[in-house]
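Worksheet for the structure shown next.
The values are calculated or read from the model by the stated rules, or taken from the named source; none is laboratory data. Please read these numbers as outputs of a predicted model, since none were measured by experiment. Note: ideal-geometry Cβ built from the backbone for every residue, glycine included; neighbour counts use all protein chains shown.
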Amino acid sequence: MLTKKTVISGPSSQLLGLRLSRHLKTNVVPIEFKTFPDGERYIRIKGEPKNCNAVVVQSIIPPNPDRSIIELCFILETLKELGVEKVTAVIPYFAYARQDKRFLPGEAVSGRIICDIIQNAGADEVVTVDVHNKRILENFKIPAKDVSAVTLLGEYLNRFKPNNPLIISPDEGAKERAQALADFMEAEYVILSKFRDKHTGEIETKIKEINVTNRDVIIVDDIISTGNTMINAIEIAKSQGASRIYTACTHAILVGDSRFRIINAGADEIIGTDTVPSDVSLVSVAPIIAEALKE
Ligand code: R5P
């Protein structure tokens, strides 16, 4: 007999959880959450999620990613205490995945530590979306899988009917993503080289001759955080005669004034998904998560 799935939308993924429940044709158990006057978090699962497989949807997002982690752990542990058989932690944006190793002596390998915390809190299975580095999932001793939003982004971008588009990967790390998007959109792609100073975090993108004159450009990455990576790529494309410039990513963190700076640098659109809720969450990843959970 198949056990019924029940979705629990964590505080950071309320709408995505609802959308997922619709795709799964299942119900959502409401939760109550608040912050006490002293800053401590409170979580209450309102309902009786017994005899079911619970799917907890909770991205780890700014402005307080650590709070998202604590909330996720509170939910996972409580579900187990309430007698839920199996708990799947869907973590659409898995923050800390960029720190998957010790780049400088003495650094915390925070990505691995977060995996340990989530597993110890009771997750039986983990699903992420376009995790920065899939290697991070090898830290889990439970099944962990990553799904890609590239096709969904491609479908959305196709609506603009881009003219002879060139897909740009703004660094070597985004190569596979750019390649997959180019395959989907039947377009060409190029890869830029980006260097990051391990101490200051500052980046530099090597200028490269690219064939963009009078063509539309799509720059695709997994994350837009400060926007600096995108802006460097936009400037290279713009200076070489690109027409429209679309910036697309799965996780539009967009800290500070990055949105303004990206548009000001010459981008026409910023397209993100609902892994990080914002007004550029133009694409929902609910269908690919639902698909992964059905497998
Ligand atoms: C890192 O390599 C990631 O794939 C992104 O390129 C990076 O996180 C983007 O960060 P920012 O917007 O701060 O340049």
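Among I75, I70, which is out of contact with any Ser or Thr (no Cβ under 9 Å at 6 or more places or on another chain) and more than 20 Å from V129 (Cβ to Cβ)? Spell out the reasoning first.
Numbers: I75 fails: more than 20 Å from V129 (Cβ to Cβ).
Of I75, I70, the one residue that is out of contact with any Ser or Thr (no Cβ under 9 Å at 6 or more places or on another chain) and more than 20 Å from V129 (Cβ to Cβ) is I70.
When the stretch 180-193 is limited to residues that are in contact with a Ser or Thr (Cβ under 8 Å, 6 or more places away or on another chain) and in a helix (DSSP H, G or I), the one that is nearest to V129 (Cα to Cα) turns out to be A180. Taking N133, is it assigned by TED's automatic domain parsing to the domain that holds G17 and modelled with pLDDT under 95? When the stated conditions are applied, N133 passes them. Give the stretch 147-192 a look and list any residue that's closer than 25 Å to I289 by Cα and hydroxyl-bearing (S, T, Y), or say none. Matches in the stretch 147-192: S148, T151, Y156, S169.
Apart from one condition, V255 fits all of (1) surrounded by fewer than 17 Cβ atoms within 10 Å (Cβ to Cβ); (2) more than 25 Å from N163 (Cα to Cα); (3) more than 15 Å from the chain's Cα centre (by Cα); the exception is (3).
Checking each residue in the stretch 143-174 for being closer than 21 Å to K238 by Cβ, within 16 Å of the ligand (Cβ to nearest atom) and either in a loop (DSSP other than H, G, I, E, B) or without any contact (Cβ under 8 Å) to a residue 60 or more places away in the chain (or both) picks out I167, S169, P170, D171, A174.
Can you tell me which of V7, V28 is surrounded by fewer than 22 Cβ atoms within 10 Å (Cβ to Cβ), free of Cβ contacts under 8 Å to residues at least 60 places away in the same chain, aliphatic (A, V, I, L, M) and touching a Leu at 6+ places or on another chain (Cβ under 8 Å)? Break it down stepwise before answering.
Details: V7 fails: surrounded by fewer than 22 Cβ atoms within 10 Å (Cβ to Cβ).
Answer to the check: V28.
Restricted to the stretch 190-217, and to residues that are within 23 Å of F160 (Cβ to Cβ) and aliphatic (A, V, I, L, M), which residue is surrounded by the most Cβ atoms within 10 Å (Cβ to Cβ)? Spell out how you get there, then give the answer.
Step one: filter the stretch 190-217 for residues within 23 Å of F160 (Cβ to Cβ), giving 190-192, 210-217.
So of that shortlist, the ones also aliphatic (A, V, I, L, M) come out as 190-192, 210, 212, 217.
Details: V190: 20, I191: 18, L192: 23, I210: 20, V212: 22, V217: 27.
For the stretch 190-217, the residue satisfying everything is V217.
In summary, strands (runs of 3 or more DSSP E) completely within the stretch 215-295 and bearing 3 or more residues that are within 16 Å of the ligand (Cβ to nearest atom) occur at 217-224, 245-252, 269-273.
Yes or no: A187 away from the ligand (no atom under 16 Å from the Cβ), among the hydrophobic types (A, V, I, L, M, F, W, C), crowded, with 16+ Cβ neighbours inside 10 Å and modelled with pLDDT of 95 or more? If you could, list the steps in order and put the result at the bottom.
Details: away from the ligand (no atom under 16 Å from the Cβ): yes; among the hydrophobic types (A, V, I, L, M, F, W, C): yes; crowded, with 16+ Cβ neighbours inside 10 Å: yes; modelled with pLDDT of 95 or more: yes.
Against the criterion (away from the ligand (no atom under 16 Å from the Cβ), among the hydrophobic types (A, V, I, L, M, F, W, C), crowded, with 16+ Cβ neighbours inside 10 Å and modelled with pLDDT of 95 or more), A187 qualifies.
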